[in-house]
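Enquirer: Quick one: the structure is below, questions incoming.
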Protein chains: 2
Amino acid sequence: MTQKVDRRIQRTRQLLHKALIELIMEKPYDQITVQDILDRANIGRATFYAHFPDKDALLLGGMDEDHFDIRLYLDEAEIAVDEGKLLPCYSLFRHAQQFYPLYKAMLGGNGIEMVKKAFHKHLVHAIEQRIKRYAPTVSLPLPLVSHYLAGALMSLIIWWLDHEMPHSPEEMDTMVQQIVMLGLERLSHEQS
Amino acid sequence: MTQKVDRRIQRTRQLLHKALIELIMEKPYDQITVQDILDRANIGRATFYAHFPDKDALLLGGMDEDHFDIRLYLDEAEIAVDEGKLLPCYSLFRHAQQFYPLYKAMLGGNGIEMVKKAFHKHLVHAIEQRIKRYAPTVSLPLPLVSHYLAGALMSLIIWWLDHEMPHSPEEMDTMVQQIVMLGLERLSHEQS
DNA sequence: TTCGATACCGAACATTATGTTCGAGAAAAG
DNA sequence: CTTTTCTCGAACATAATGTTCGGTATCGAA
């Protein structure tokens, strides 16, 4: 099934991906030129275009690879920690903490739009699954709730990345769960 | 105080802004070239650069103008409807409904990143004011709550715009207030 | 090890968009 | 009417994209 891929092709793609990731952590994505990638990877111009039609395709092509952990965080074993909760919050912040520079470059305030959109979409889907499983009786349209929560979580992680992780993953998780489940009404009456 | 501006300058800027707005509603912002704007507005190339350093400056320069209502919705009289609530939800959806094509082109899924960021920032600020006034006893960090809510609202309006306004502004407002205040826990117990 | 296939190189080229310059002409302000 | 300044258009420099092609190096299989 798995055809053998020419060693040269593997090497080329690997070098290109590595170079792009490095560059992403150094400067804004839209300021990265194809030439930058070529120089860093020591790959010929023609070769690049023989593999990918453009920069974006190179990035997306690497999303499935091993060193590109962002989208895979949901499939990690660690996600079991968030069992029973509507938002896989703890595992997300844990993972983001572990790969902070990459997360900041990709999802932070000056991150990559393409990645953010993909991530948001992914979140919506994951959250919908959780709502169906853990809170099937909520009497509001499913997509409304899932988009609400996904947007909230996205916004929070961006804020958290931009401010050098002002709280621990545990704290973030606890606080978010409170807002989600209790609502702000109860949260303001329950003050000490 | 208000110096008289040369009539030619007014005319030029007006034409450029109008052309850009039209183009924004026709095709993706990043695909709009300066040349497109010049052709549409019948303005010379040199003239454009005498006024604005680039496309983005033209857009931002128009944010304060009269025909660019998006940021101004918060200052509208209609906002009084949302008095006492943490999210100025009804007035936002009302306004978005009224200027649907423009809102969709600017804030929708394929909207303009710059505008979205400015809008999000604006929302964060507005929400913080409201929290201080209407819910000063909430025992969580202010920016955490404001970013949470702003992200949620952003995500919702994008979803709503992308799906041709599946609910009325009144419905959206009611549902959002429920999630915010009651929390999902109570929302799932209270089912009929 | 040999040999055929194919991936890489690099240099040149076409294309497209950006941003600048400058002098002539038109329109505004007083 | 005169002075000021805004606009025009055309040419130019720059920078990035994407393509083409023949020579060279590397791979995989016999």
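Every number here is computed from the coordinates shown, using simple stated rules; none is lab data. Keep in mind that this is a model prediction, so the values were computed, not measured. Cβ: placed from backbone, ideal geometry, glycine included. Neighbour counts: every protein chain shown.
Enquirer: Which peptide among A:167-178, A:20-31 comes first, and what is the full order, when sorted by highest mean count of other Cβ atoms within 10 Å?
Expert: A:167-178, A:20-31
Enquirer: What angle, in degrees between 0 and 90 and rounded to the nearest 10, separates the Cα long axis of helix B:142-162 from the longest principal axis of the Cα atoms of chain B?
Expert: 70
Enquirer: Could I ask something else about it? 7 Å along Cα→Cβ for the label point: how many nanometres lie between residue B:165 and each equivalent label in the other copies, listed shortest first?
Expert: In ascending order, 4.5 nm.
Enquirer: If you don't mind, another one. Inside 10 Å of the C-beta atoms of B:98-111, what's the mean count of C-beta atoms belonging to other chains?
Expert: 0
Enquirer: With +1 on each Lys and Arg Cβ and -1 on each Asp and Glu Cβ, and nothing else charged, work out how big the dipole of the protein assembly as shown is about its Cα centre, in Debye to the nearest 20.
Expert: Computed about the Cα centre, the dipole is about 920 debye.
Enquirer: Under the Karplus relation 6.51 cos²θ - 1.76 cosθ + 1.60, θ = phi - 60°, what is the ordered set of whole-Hz ³J(HN,Hα) values for the range A:14-29, x standing for Gly and Pro?
Expert: Couplings: 4, 4, 5, 4, 4, 4, 5, 4, 4, 5, 4, 7, 9, 8, x, 4 Hz.
Enquirer: If you don't mind, another one. When each copy gets a label point 7 Å from Cα toward the beta-carbon at residue B:8, what are the spacings between them in nm, shortest first?
Expert: When each copy's label point is compared with this one, the spacings are 6.1 nm.
Enquirer: Averaged over its residues, how many other protein chain Cβ atoms are within 10 Å of peptide A:112-118's Cβ atoms?
Expert: Taking the mean over all residues of the peptide, I get 1.
Enquirer: Can you work out which chain B residue has the shortest Cβ-to-axis distance for the rotation that carries B onto A, and give it in Å?
Expert: B:183, 1
Enquirer: Could you tell me which of rounded, prolate or oblate describes the range B:117-192, using a ≥ b ≥ c as the square roots of the eigenvalues of the alpha-carbon gyration tensor, with rounded for a/c under 1.5 and, failing that, prolate when a/b is larger than b/c and oblate otherwise?
Expert: It is oblate, given that a/c is not under 1.5 and a/b is not larger than b/c.
Enquirer: With the Cα gyration tensor of the protein assembly as shown giving a ≥ b ≥ c as the square roots of its eigenvalues, does the rule (a/c under 1.5 for rounded; else a/b larger than b/c for prolate; else oblate) give rounded, prolate or oblate?
Expert: Oblate shape, in that a/c is at least 1.5 and b/c is the bigger or equal ratio.
Enquirer: Under the rule of -39500 (n - 2.57) per DSSP H run of 4 or more residues, summed and divided by the residues of chain B, what mean residue ellipticity at 222 nm is obtained, to the nearest 500 deg cm²/dmol?
Expert: -20500 deg cm²/dmol
Enquirer: Can I ask one more? Projected onto the charge dipole of the protein assembly as shown (+1 at Lys/Arg Cβ, -1 at Asp/Glu Cβ, origin at the Cα centre), which of B:165, A:135, B:16 gives the Cα projection farthest towards the positive end?
Expert: Checked the options; the winner is B:16.
Enquirer: Let me ask you something else. Return the average number of partner chain Cβ atoms within 10 angstrom of each residue Cβ along peptide A:157-165.
Expert: Partner-chain Cβ atoms within 10 Å, mean over residues of A:157-165: 2.
Enquirer: Also, quick follow-up: Run the label-point distances for residue B:63 please: 7 Å along Cα to Cβ, every other copy, nanometres, shortest first.
Expert: List, nearest first: 2.8 nm.
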